Amino acid sequence: MKLILLTIVTITTLVFLTGCGKKEEVPVVKETAPAFEIKKGNKIPQFDSLLAFELVAKQVAFGPRVSGTPAWAATKEFLSNRLVQAGAIVKHQDFEARVPTGETLKFTNLIGSFNPQAEKRILLCAHWDSRPHADQEADSGKHKQPIPGANDGASGTGVLLALADVLGANKLDYGVDIVLFDAEDYGRSGSLEGYCIGSKYFAANNPLTQKPVFGILLDLVGDKEAIYMREEGSVRFAGDVVDLVWKFGQSEGNTRFKDFVSQPVYDDHIPLNEVGIRTINIIDAGLIGADSKDPRRNYWHTLKDDMSNISATTLYDLGKVLTGFLYSLKIN
Ligand SMILES: [Zn+2]
């Protein structure tokens, strides 16, 4: 892909005489490389979408990943072990936080670092918790039940875990930190306070040794008919990164990456952007609100957010773009 960002041709100093005989100099414009760019032609490793699908299913099979439950503890151990097996240096960022019910609960953000010595790094993230209340269910009797969170949480986490295996086996010349946030989905409608508790804690207590050049968040990525519009907040904070990823995806023939700008989505990328970690969100924003024209897609924050909506083809499409992007990315 051609990048027309900041490459400016060096102009040698031109000296000329003006009418009154005084020398004027045209300033030298130095060549500046863009901070990061895509250079195609590298060997791109395979992304295993069936593994990604299994990893989504595995998280869902543990049960809703709600703080304090056996499913939460077992999933945390599973995710952490997977990152270790992939070759990451893994840290657990344990913390306590008050949620909208008034309770104070224990949470853990998981951080898996590849190529930990590298100074130039990027961040990949998703949330691994699942929403503790299905408040978009038509039947209010079900509102207190936790959702399966197959797409809302497990899909992005599954893609990143499958990608972790690729990163462990195929070295990059920059570092990657995979961060799996806890406590994304405790919010109640009408207030942002209960949302993104894990990423807010991470942003305020950043455990990374190097600031990432940029970050990519995955959320609600695995639906059978997933479409990724350019998310408004991502465009505002890191439009150049959105542009690079979307153009890369489109150049690979991926038709899920659309140029329309979606409504702003308050998600884990916002607390990161607010502390200067420029992060974009790849999200199927059309699902939000559970008001799609297609009744099958009306499962956001309901008990129907299960494996029946998840497609290995979608995970393949996204995983292939992300793998190609990462192995074509040059950080200058
Ligand atoms: Zn959610």
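The values are calculated or read from the model by the stated rules, or taken from the named source; none is laboratory data. Quick caveat, the model's predicted, so the values are computed rather than measured. A quick note on method: Cβ atoms are made from the backbone with ideal geometry, for glycine too, and the neighbour counts reach across all protein chains shown. Note: accessible area is taken over every heavy atom of the protein model, side chains too, but ligands, DNA and RNA are not part of it. Shrake-Rupley method; radii C 1.70, N 1.55, O 1.52, S 1.80 Å.
3J(HN,Hα) along the range 210-215, derived from phi through the Karplus expression 6.51 cos²θ - 1.76 cosθ + 1.60 where θ = phi - 60°, amounts to 10, 6, x, 5, 6, x Hz, with x in place of Gly and Pro. Placing R0 at 51 angstrom, the Cβ-Cβ distance between Lys43 and Ser140 gives a FRET efficiency of 0.40 after rounding to 0.05.
Take the Cβ atoms of Glu119 and Ala169, set R0 to 22 Å, and the FRET efficiency comes out at 0.45. With the cut-off at under 17 Å, measuring from each backbone N in the range 111-130 to a point 7 Å along the Cα-to-Cβ line of Ile89 picks out 111-124.
Bridgeable aspartates and glutamates around Lys91 (alpha carbons under 16 Å apart, same-chain partners fewer than 8 residues away excluded): Glu77, Asp177, Asp182. Here each label is just a point 7 Å from Cα along the line to Cβ, and for Asn332 and Ala57 those points are 4.6 nm apart. For the pair Thr32 and Asn298, what calculated FRET efficiency results from E = 1/(1 + (r/R0)^6), where r is the Cβ-Cβ distance and R0 = 35 Å, to the nearest 0.05? Result of the calculation: an efficiency of 0.10. Distance between the 7 Å Cα→Cβ label points at Val261 and Ser308: 3.8 nm.
Using square roots of five times the C-alpha gyration tensor eigenvalues, list the equivalent-ellipsoid semi-axes of the chain in whole Å, biggest first. Mind dumping the intermediate values first?
Working: eigenvalues 304, 88, 82 Å².
In descending order the semi-axes read 39, 21, 20 Å.
Tyr186 sits with roughly 10 Å² accessible to a 1.4 Å probe, with DNA, RNA and ligands left out of the calculation. For the range 86-148, the set of trypsin sites (Lys or Arg not before Pro) satisfying both a DSSP loop assignment and a count of at most 14 other C-beta atoms within 10 Å is given as Lys144.
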